[in-house]
Amino acid sequence: MSEAGSPAGMMPSTPVVGTGRRHLNPSLFVGGGLVLLVVAMALVSYVWTPYPPMRVLGTEAYQTPNADFWLGTDRFRRDVLSQILVGARTTLYVGVVAVGVAALVGVPLGILAAMSGGWLGQTVMRANDILLAFPALLLAIMFAALYGGSTQVAMIAIGIATIPSFARITRSGALGVMSTDYVTAARAAGHGPFAIALRHVLPNVAGLVIVQASVAFAIAILAEAALAYLGLGTPTGQASWGRMLYEAQSTLRSAPHLVLVPGAAIALAVLGFNLFGDGLRDYLDPKLERR
Amino acid sequence: MSEVASGEVVRSEAVSSEVPAIRLQDVGRDFRRPRRSLTQAPPVVHAVRGVTLDIERGERFGIVGESGSGKSTLLRMICGLDRPTSGSIEVEGRPIHNQPAARLGWLRHTLQLVFQDPMSSLDPRMRVRDIVAEPLVAQGQGSGAARRARVVELLEAVGLSADSADRYPHQFSGGQRQRISVARALAPGPDILVADEPVSALDVSVRAQVLNLIDDVVDGFDLTLVFVSHDLSVVRHVCDRVAVMRQGEFVEVAPTEQLYADPRHPYTQQLVSAIPDLHAALDGRAAADLARAVRERSPDA
């Protein structure tokens with residue numbers, strides 16, 4: 001085969017190797033920035049807040065943002081910025097635990113369903129469908145009614161409600177992996193199903209699971225805010241963005257900044273994790289990589 | 001060797017008293033298709049039916065057939081990855097058709113596989129070192145250091161450098177990836193190598209190299225080879241004896257040269273005549289003529 005033989009229009013494309021063609025797409029960039037911002041706020045709150053976040057200060061209530069109180073004060077004369085910073089912790093805490101619970105249960109179930117097939121796989125997926133049909137918020141309200149409203153109960157409930165999405169996406173990825181020759185090769189090499197799940201299936205669905213985790217994180221943040229707003233999540237006396245919204249709703253007209261600030265924080269955090277998830281999906285997708 | 005029940009198979013083979021490497025007796029495999037109606041039984045596909053065959057030790061046996069002829073199904077059963085619905089399969093005198101996977105550990109170091117698609121047969125997330133060592137890990141052979149040494153030895157045996165071990169599959173070409181596949185298959189020191197269309201996905205220029213490699217390792221490691229292909233010209237290159245498979249059955253089993261020189265079964269004749277021929281090509285008989293010839297022979301297609 002001579003070089004002259006290949007027409008210019010059909011340049012034999014050199015196989016795309018590694019990460020050469022991957023670009024930081026805007027979603028990943030903006031989403032990642034917002035996520036980092038939330039993380040930074042949470043970290044900063046451990047070492048510095050302008051004022052103790054939950055302490056009633058000797059100053060006026062309902063102050064609009066000014067030099068002393070950058071984001072104003074609420075009706076209990078507490079500093080809003082300090083609460084927002086500490087609230088970022090609650091937000092991340094809830095997200096991490098809820099997503100952790102969902103992934104730890106959902107991913108093994110998805111792999112089990114994909115690898116077992118037959119009645120066991122069917123049973124797992126049908127049980128999954130039943131849970132999926134149950135609105136997350138309803139489940140959380142039920143849990144709150146049973147075990148009392150607290151951050152912990154809220155995030156466990158949110159986590160349980162998020163299991164099906166993890167199980168589903170893991171199963172679909174795992175089915176693809178199970179049909180490859182390298183899994184057949186692993187069977188022919190003498191590996192049992194457990195070793196195959198750990199060595200081949202899990203690493204190859206990890207990308208999917210990470211993307212799902214970032215999207216689920218956004219949903220968890222929103223759900224926690226909703227629960228706190230309903231008075232079923234984080235109790236009074238602890239900083240939470242949803243809780244701040246709840247406490248500010250009666251003064252929506254007179255002190256709108258008390259609603260706008262936590263509302264914007266929630267919106268930006270959710271947006272950030274969603275964009276991050278989208279960006280990550282594009283970044284990890286091997287099909288897009290080739291373009 | 002007696003004729004099979006169907007009686008259609010044209011057989012010309014030597015009789016041997018040794019225990020064969022692989023013995024198939026009246027092997028059949030049916031698949032149920034999804035139910036189409038509530039009242040009728042689901043339709044059944046007979047992927048493999050009534051295959052009887054002995055493959056002697058050290059033999060290089062080819063199985064040829066078009067796609068859908070059941071050759072891959074047959075192969076999976078020989079490898080203990082699927083079970084026949086009827087008949088029996090013995091590897092080196094030990095039955096495998098009725099054993100649970102947990103009791104086929106011995107088969108995993110007796111028989112190994114090379115696959116068709118060099119893209120899908122290596123886990124993209126594993127280093128070559130771990131891919132090649134996989135059968136050793138699975139069978140608990142050797143310590144970490146011993147495995148490392150063995151991987152290097154195997155890579156060199158298939159013509160790859162030792163530093164390939166630290167790279168990932170996507171950093172290799174199709175031909176190199178098939179070499180990695182061969183190295184993995186050789187790792188547990190098998191007696192039988194099963195190759196499922198190992199060169200079909202490769203460029204013509206690389207095919208010969210991989211075929212020569214398989215040739216070399218079969219010689220060098222004293223292996224029995226089972227080689228499946230849809231391409232008679234490829235099989236001719238490596239096999240001593242060939243079975244032609246069609247619609248789940250063997251239609252002809254014969255030593256390679258005899259099969260090419262004097263195909264007995266009409267389907268074999270058709271296949272042999274369809275092999276591209278340099279002289280024909282030079283004479284100006286192009287692919288179009290071959291296509292017409294094929295169409296004339298199989299009006300139902």
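A few points about this structure:
- Selection count, the stretch B:132-161, where residues are part of a helix (DSSP H, G or I) and more than 30 Å from B:L74 (Cβ to Cβ): 12
- Test: B:L81 is free of Cβ contacts under 8 Å to residues at least 12 places away in the same chain, within 8 Å of chain A (Cβ to nearest Cβ) and either touching a Gly at 6+ places or on another chain (Cβ under 7 Å) or in a loop (DSSP other than H, G, I, E, B) (or both): yes
- Counting the residues of the stretch B:38-63 that are modelled with pLDDT of 90 or more and among the β-branched types (V, I, T) gives 5.
- Selection of the stretch B:132-144 for residues being more than 7 Å from chain A (Cβ to nearest Cβ) and at pLDDT below 90 yields B:G140, B:Q141, B:G142, B:S143, B:G144.
- Among the residues of the stretch B:54-71, not a single one is within 23 Å of B:R241 (Cα to Cα), of a type in the set (A, V, I, L, M, F, W, C), buried (at least 23 other Cβ atoms within 10 Å of the Cβ) and within 13 Å of chain A (Cβ to nearest Cβ).
- Residue in the stretch B:123-140 that is surrounded by 15 or more Cβ atoms within 10 Å (Cβ to Cβ), assigned by TED's automatic domain parsing to the domain that holds B:G93 and under 18 Å from the mean Cα position of the chain (by Cα) present: no
- Check on B:G175, modelled with pLDDT of 90 or more, small (G, A, S), over 17 Å from A:Y182 (Cβ atoms) and assigned to a loop (DSSP other than H, G, I, E, B): no
- If you filter the stretch A:143-166 down to residues that are of a type in the set (S, T, N, Q) and part of a helix (DSSP H, G or I), you find that the one that is surrounded by the fewest Cβ atoms within 10 Å (Cβ to Cβ) is A:Q152.
- Residue count, the stretch B:95-131 (criterion: in a loop (DSSP other than H, G, I, E, B) and within 7 Å of another protein chain (Cβ to nearest Cβ)): 7
- Extreme residue, nearest to B:R150 (Cα to Cα), among residues of the stretch B:186-213 that are hydrophobic (A, V, I, L, M, F, W, C) and more than 13 Å from chain A (Cβ to nearest Cβ): B:L213
The values are calculated or read from the model by the stated rules, or taken from the named source; none is laboratory data. Computed from a prediction, not measured in an experiment: that's the story for all the values here. Every residue, glycine as well, gets a Cβ built from its backbone with ideal geometry; the counts of neighbours run over all protein chains shown.
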